[in-house]
Amino acid sequence: MRAILPIALLVTTLCAATIWAQQSARTSPAWKQQFLRARQVWDKGETDRALAVLEKAYALAPDNLARAQIAFRYADWSHQLGRYTTARRWYERCLALAPPGSDLIRRAREGLHSLPVAPPQPAIPPFTTVPPPAGKANLLTPTATAFLVLLFGLLLTLQWASDWKREAFFAQVILSILFAGGIAMMLPLGMLLATQQLYPQPDSWIAGVLTLGSIACIAFAARSWQQGQLLRNTPLTRLRSASHGFLKARGIAEPAFGVITSQVGDIPGIYISELSERYVRRTEQYYDSQSKRWKTRTVYRWETIYSSAQGVDFVLDDGTGKAVVEVNGAEFYPDHLALFYNYRPVRSFPWFASVGDVRTRVHFIPPNATVTVWARYYEHDLPGTTRDEMRLQYDRFHKCMVVLEGQESKVYTTRTGAGLALAIIGLVMLLGVMFILLNPGVVTDYIEGY
Amino acid sequence: MATVSTLAIVLFIIGGVLVIWVIAAYNNLVNLRGQAQRAWANVDVVLKQRWDLIPNLVETVKGYAQHEKQVLERIAELRAVALGAQDRKERIQAEQEATRLLGNIIVWGEQYPELKANENFLHLQRTLADLEEQIADRRELYNEAATNYNVYQKTFPAVLVAQSVWAEEMPLFEAAPQEREVPKVQF
């Protein structure tokens, strides 16, 4: 039942998104948007670009009436620009496409009559039947066929493969849909490539990058949330009664293997994270879009001159037992902070800086601090003895190890905040993809306009 | 045409991610099952060593502890069950009962002074104690690996793959009901 609920939610969301997309497309078709945008571009005085946008609208137009409208607009504008040959061709195209008795026919005839007499033109093929926009009809059938073949093939394999579960039909159907759907979704691109019909424009690349980014963000957000839940739900364990596996333990961090010291201030600790920056003046070049020229300017900024983060193995003593903590792969949350300005300790950094000033932040966990550790516990046989050594290490199954000094809420807040931020970024990217799909040419036009 | 290209690229990426995810989930499942099976094999080796000691131990004890005949018979039965078990759950139950009974035999040395003086018994007692310690260590490792495998099978979306193929929950070494009872202390 637990699995059914998320699946039902996912399917409902997908259905809702599809219906919304269809509704949007119905209320504001792509060709109409392009048609209106052509007018805006024309009004700005960018005549060639306006005609190019009209051509796009023409390619997207769903029926002859729409095409006739666009053809008339194209002819009219070409007429105004003095391109009489083009205007004549588009007037004739409009006459061929417009429904009998419509006002467009009358206006196109008037336009044709007002054109100056030109030398005879080669005959233009009639536009009685206009081919549908290429791609859609050609791709749908083979993709759907491939999907069905894969779906049933996989389902049969899962049902009849030896020692696999035949009774889990529902799960097998969903898995088959996911796998077959995944492969079927990859096919249209392959077919377009094979038939050399692929015209990747900036729209396509941007949409692709946004899709990848969106998936990555949502996946990392889910993982962050999952880890937050794991850390929150792991109970505190005493080392004496610990058993192998992931646990949370709290105790004193004894520096049994020595300490490390910071570069600035010589602060000892089992973990040191240090960042030194210098205030500098730089001259840099930039492109001025107003004057369309490269210019130079002077900027002041803080530049990193040294940064490092390192920890050292230590022994955790929780009063019931001691365990060696192997910090390789661990994520540290120190609670101590030391600030240095021009290598002298300060309480806070001054508001104003001079060129050449150096500021340093040192986050650290001092020796013998109370720390909480989330890690994998295991016992290691000490060679030559009958004793076992208790150890804590990075958990490869949960992909997690945390060493925290201070309040536990810090870890949960970081995880929740990061997860939420990533989820929002992912959703915004997804909306971007949908926007590009519903407004073809929007990125290309923006780049051309810039 | 540009729209078709854009849609094809977006679909390709989403489809690719779906396919890669299904394959990765299946491989993870195989990997975790392999780890759990290896951990079980490690426990199994020591358990077999323990059963190899049993005939010798029973022979040694039989002459001294006449009143404990039922326990010895039960251990012999459990040995047959454990070594012939097809199902891991059944095997674990037999092993756990055997652990409890063998623990009793080890303390017979205190109840029967003649037995305590027997060199062979003392040697077997030490060996058994060592093996029990090894079993306890390896049992924890097995429980960890089996828990990871069981948890992964039940998390979404891996549950779809796990439910569709051969994956089944692995039994754990758990405390027997009688071991969970709180001992009564009387002053």
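GNM remark for chain A: springs join alpha carbons under 10 Å apart, and the peak mean-square fluctuation among A:Ala168, A:Ala66, A:Ala87 falls on A:Ala168.
A crude spin-label estimate for the pair A:Leu339 and B:Glu132, with each label 7 Å from Cα along the Cβ direction, gives 6.2 nm.
To the nearest ten degrees, helix B:69-84 and the longest principal axis of the Cα atoms of chain B are 30 degrees apart.
Expressed as a whole number of Å, what is the distance separating the alpha-carbon centroids of the range B:1-60 and the range A:427-443? If you average the Cα positions of each part, the centres end up 39 Å apart. Charged side chains reduced to their Cβ positions (Lys and Arg at +1, Asp and Glu at -1) give the range B:12-127 a dipole of some 360 debye around its Cα centre. The Rg/Rh ratio for the range A:143-196 is 1.12, where Rg is the radius of gyration of the alpha carbons and Rh is the Kirkwood radius. Think of the range A:235-410 as having a plus end and a minus end, set by charges on the Cβ of Lys, Arg, Asp and Glu; of A:Ser308, A:Tyr271, A:Phe246, A:Ser308 sits farthest toward the positive end of this dipole. Highest GNM mean-square fluctuation among A:Val264, A:Val324, A:Val173, for chain A modelled with Cα contacts below 10 Å: A:Val173. State the Cα centre-to-centre distance between the range A:350-379 and the range A:177-254 in whole Å. If we compute the Cα centre of each part, the gap is 30 Å. Helical content alone sets the calculated 222 nm signal of chain B at -28500 deg cm²/dmol, taking -39,500 (n - 2.57) per DSSP H segment of four or more residues and averaging over every residue. What area, in nm² and to one decimal, does the C-alpha convex hull of chain A cast on average over all directions? Answer in nm², one decimal: 36.4.
Electrostatic bookkeeping for A:Thr372 treats Lys and Arg as +1 and Asp and Glu as -1; over the other residues with beta carbon under 14 Å from its beta carbon, the sum is -1. For the range A:214-230, the residues whose backbone nitrogen is under 19 Å from a point 7 Å from the Cα of A:Leu438, taken along Cα to Cβ, are A:214. Sum up the charges of everything whose Cβ sits under 15 Å from the Cβ of A:Phe435, counting Lys and Arg as +1 and Asp and Glu as -1, but leave A:Phe435 out. Charge balance in the 15 Å sphere: -1. For the range A:235-410, what percent of Cα pairs sit more than 20 Å apart? Cα-Cα pairs of the range A:235-410 separated by over 20 Å account for 62 percent. Around A:Asp318, what is the net charge, scoring Lys/Arg as +1 and Asp/Glu as -1 over all other residues with Cβ under 13 Å from its Cβ? Every neighbour counted, the sum reads +3.
Taking +1 at the Cβ of each Lys and Arg and -1 at the Cβ of each Asp and Glu, which of A:Trp31, A:Val346, A:Ile424 sits farthest along the dipole of chain A towards its positive end, judged by Cα position relative to the Cα centre? The residue sitting most towards the positive pole is A:Trp31.
Please name whichever of A:Ser176, A:Phe332, A:Thr143 sits farthest to the positive end of the charge dipole of chain A, dipole taken about the Cα centre and charges placed at Cβ: Lys and Arg +1, Asp and Glu -1. Looking along the dipole axis, the top candidate is A:Thr143.
Annotation: the residues A:Lys322, A:Lys44, sorted from fewest to most other C-beta atoms within 10 Å of their own C-beta, follow the order A:Lys44, A:Lys322.
None of the figures in this text is laboratory data; all of them are computed from the coordinates on show. Keep in mind that what you see is a predicted model, and the values were worked out from it rather than measured. Note that each Cβ is placed from the backbone with ideal geometry, even for glycine, and that neighbours are counted across all protein chains shown.
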